[in-house]
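The values are calculated or read from the model by the stated rules, or taken from the named source; none is laboratory data. The shown structure was predicted, so the numbers you read here are calculated from the model rather than taken from an experiment. Cβ placement follows ideal geometry from the backbone for every residue including glycine, while neighbour counts extend to all protein chains displayed. We work out accessible area using only protein heavy atoms, side chains counted, and drop any ligands, DNA or RNA first. Shrake-Rupley method; radii C 1.70, N 1.55, O 1.52, S 1.80 Å.
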Amino acid sequence: MLMRKLGRTGLRVSALCLGGNTFGWTTDQKASETVLDAYLEAGGNFIDTADVYSRWAPGNSGGESEIVLGKWLAARKDRHAALIATKVMGSMGPGANDTGLSRQHIVDGVEDSLRRLQTDYIDLYQAHWDDRETPLEETLRAFDDLVSQGKVRYIGASNYHAWRLTRALWESDSHDYVRYESIQPKYNLVFRDEYERELEPLCLEQSIGVIPYSSLGSGFLSGKYRRGGALPSTARAAGVQKGYMTERGFAVLDAVDKVAAGAGATPAQVALSWLAHRPGITAPIASATSVAQLRELLGGIELVLDAGARATLDAASAWREA
């Protein structure tokens, strides 16, 4: 498995970060453990989840993914085999303080996540979204305390705009707090401009690890969605139809299909390879509900596209300033 350094940290992570959003939602405990075992056996070590996964599903209350991972970690009895990344910020209850990046919610949230994960430390603890109502100094001081206490090793951010990430880095530097060492942006062949316009140069200059989510566009770039075709019977189909099934989206997919045919690969592998080998990218996040899907994803990380193939994809997916 291709390994990479996570930003300025001493962590070496696999270039495919296994997404845990399906665990406890569309993948039950047994199926999740089968995928997790196969991932570790293939050399993977980096698993991403969040406390709110999968609160949105009927009958769930949040924490289901962390519970699945906790049971698996306890059964394997080898905590150091996996680097666990989880997140805090989303609503975990009806109370006014059950959401956000206040000190109270972060302190409560880490204890709940540690309990569900059945561990005494989290490798990468991430702010799931920005919280404009809480001072950054309060948020970063709380994270700094968790690192000092040994409950968290490193901190990261997700869904931050470049100017807010810059401000957070300044706050950390000014107060000598730990800083965000990674960022999770939404980034794929169809959705490029938001990351590339401002976040990419900032992350490259500041050596911030980049862990993109929605790497395959919620499945659109895997080729499951076609012009005039019936939508797959999946929980994400409605969102894909709205966000990706456009003329531009299908033009990108046509280019992916063309490159895949020439490379003897699947569309998902081509889309993942393009992303994984972009400058500054540490590890795209992708989820798998079966070992077969996992192997396909791993093949995308191993696939190295030639210059012509990358040029074809770049031309089809290029964004332009208004």
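Going through segment 17-30 one residue at a time, which ones are out of contact with any Lys or Arg (no Cβ under 9 Å at 6 or more places or on another chain) and farther than 18 Å from Glu181 by Cα?
In the first step, residues of segment 17-30 are kept if they are out of contact with any Lys or Arg (no Cβ under 9 Å at 6 or more places or on another chain); the result is 17-28, 30.
Matches in segment 17-30: Leu18, Gly19, Gly20, Asn21, Thr22, Phe23, Gly24, Trp25, Thr26, Thr27, Asp28, Lys30.
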Please verify whether Tyr154 is under 22 Å from the mean Cα position of the chain (by Cα) and aromatic (Phe, Trp, Tyr), treating the condition exactly as stated. yes
Which condition does Ala75 not pass, out of (1) more than 25 Å from Asn45 (Cα to Cα); (2) modelled with pLDDT of 95 or more; (3) open to solvent by 30 Å² or more (accessible area, probe 1.4 Å), if it passes all the others? (1)
Select from segment 131-159 the residues that are closer than 22 Å to Pro201 by Cβ and out of contact with any Leu (no Cβ under 8 Å at 6 or more places or on another chain) and list them in ascending order. Leu136, Ser158, Asn159
Could you pull out the residue among Pro58, Pro94 that is farther than 24 Å from Val107 by Cβ and free of Cβ contacts under 8 Å to residues at least 40 places away in the same chain? Pro58
Segment 173-225, subset outside any loop (DSSP other than H, G, I, E, B) and among the acidic types (Asp, Glu), residue farthest from the chain's Cα centre (by Cα): Asp173
Cβ contacts < 7 Å: first residue of a type in the set (Lys, Arg), restricted to segment 308-319; second residue assigned to a helix (DSSP H, G or I) and modelled with pLDDT of 95 or more, any location; separation 6+ or different chain. Result? Arg310/Trp274
Consider segment 101-119. How many of its residues are surrounded by 21 or more Cβ atoms within 10 Å (Cβ to Cβ) and part of a loop (DSSP other than H, G, I, E, B)? 1
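Only one residue in Gly249, Gly229 is at pLDDT below 95, assigned to a loop (DSSP other than H, G, I, E, B) and among the small types (Gly, Ala, Ser). Which one? Full working, then the answer.
Details: Gly249 fails: assigned to a loop (DSSP other than H, G, I, E, B).
After ruling out the rest, the residue left standing is Gly229.
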Can you tell me how many residues within segment 279-322 are over 22 Å from Phe23 (Cα atoms), of a type in the set (Asp, Glu) and part of a helix (DSSP H, G or I)? 2
Limited to segment 241-276, what total is found for residues that are open to solvent by 20 Å² or more (accessible area, probe 1.4 Å), within 15 Å of Leu294 (Cα to Cα) and either touching a residue at least 40 places away in the same chain (Cβ under 8 Å) or touching an Asp or Glu at 6+ places or on another chain (Cβ under 7 Å) (or both)? 3
